[in-house]
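Read through the structure below, which is laid out as structure tokens, and then see the notes.
The values are calculated or read from the model by the stated rules, or taken from the named source; none is laboratory data. As the structure is a computational prediction, the values presented were derived from the model and not from experiment. Methodologically, a virtual Cβ is constructed for each residue, glycine included, from the backbone with ideal geometry; neighbour enumeration extends over all protein chains shown. Just so you know, the surface numbers come from the protein's heavy atoms only, side chains and all, with ligands and any DNA or RNA stripped out. Shrake-Rupley method; radii C 1.70, N 1.55, O 1.52, S 1.80 Å.
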Amino acid sequence: MTVRTVEFAPCACGKERGYASEHQAAKALGKVQAKRDRARSHAGTRRGLVRENRTYECSEGMWHLTSQSRSEYLHEVAA
């Protein structure tokens, strides 16, 4: 079985993983959601697990994954 990963790089904004395009970030989001769902089913409970649910573009032009809602993110950026 071959494991295919989505290429990422450190971003200048300080986030660990930055994706070069929205397409790559969306692909990584799907992979990470599947991984989290598998972990939940093995654990037998869904309590306390964080699940990334969207992508966003940072000021440096890279794409990132987040578990924050859009309104939470916009409130944080405005502060």
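The heavy atoms of S69 present about 40 square angstrom of accessible area, all protein chains included, probe 1.4 Å. Cross-link reach is defined here as a Cα-Cα straight distance under 15 Å, omitting same-chain residues fewer than 8 places apart; for K27 the aspartates and glutamates meeting it are E7, E52, E57.
Derived scalar couplings between HN and Hα for the range 67-78 equal 9, 6, 6, 4, 5, 4, 5, 5, 5, 5, 5, 6 Hz in order, rounded to whole Hz, by the Karplus curve 6.51 cos²θ - 1.76 cosθ + 1.60 (θ = phi - 60°), x for Gly and Pro. Placing unit charges on the Cβ atoms only, positive for Lys and Arg and negative for Asp and Glu, gives the chain a dipole magnitude near 600 debye about its Cα centre. A cut-off of 5 Å between modelled amide H atoms, ignoring neighbours fewer than 5 places along the same chain, links R54 with T66. Here's how it looks for G18: its modeled amide H is under 5 Å from those of A9, C11, which are all 5 or more places away or on a different chain. Think of a 1.4 Å ball rolled over the protein heavy atoms: the chain then has 77 Å² of accessible area per residue.
Between L65, A34, T45, the Cα set farthest toward the positive side of the dipole of the chain (charges on each charged residue's Cβ, about the Cα centre) is that of T45. A P(r) calculated from all alpha carbon pairs of the chain, with 5 Å bins opening at zero, reads 3, 15, 21, 22, 19, 12, 6, 2, 0, 0 percent.
Counting only protein heavy atoms and a probe of 1.4 Å, the accessible surface of the chain is 49% carbon and sulfur. Taking R0 as 30 Å, what's the FRET efficiency between K27 and R47 from their Cβ-Cβ distance, rounded to 0.05? Given R0 = 30 Å and the Cβ-Cβ separation, E is 0.60. Residue by residue, the range 6-13 carries 3J(HN,Hα) couplings of 9, 5, 9, 9, x, 9, 5, 6 Hz when phi is fed to the Karplus relation 6.51 cos²θ - 1.76 cosθ + 1.60 (θ = phi - 60°); x denotes Gly or Pro.
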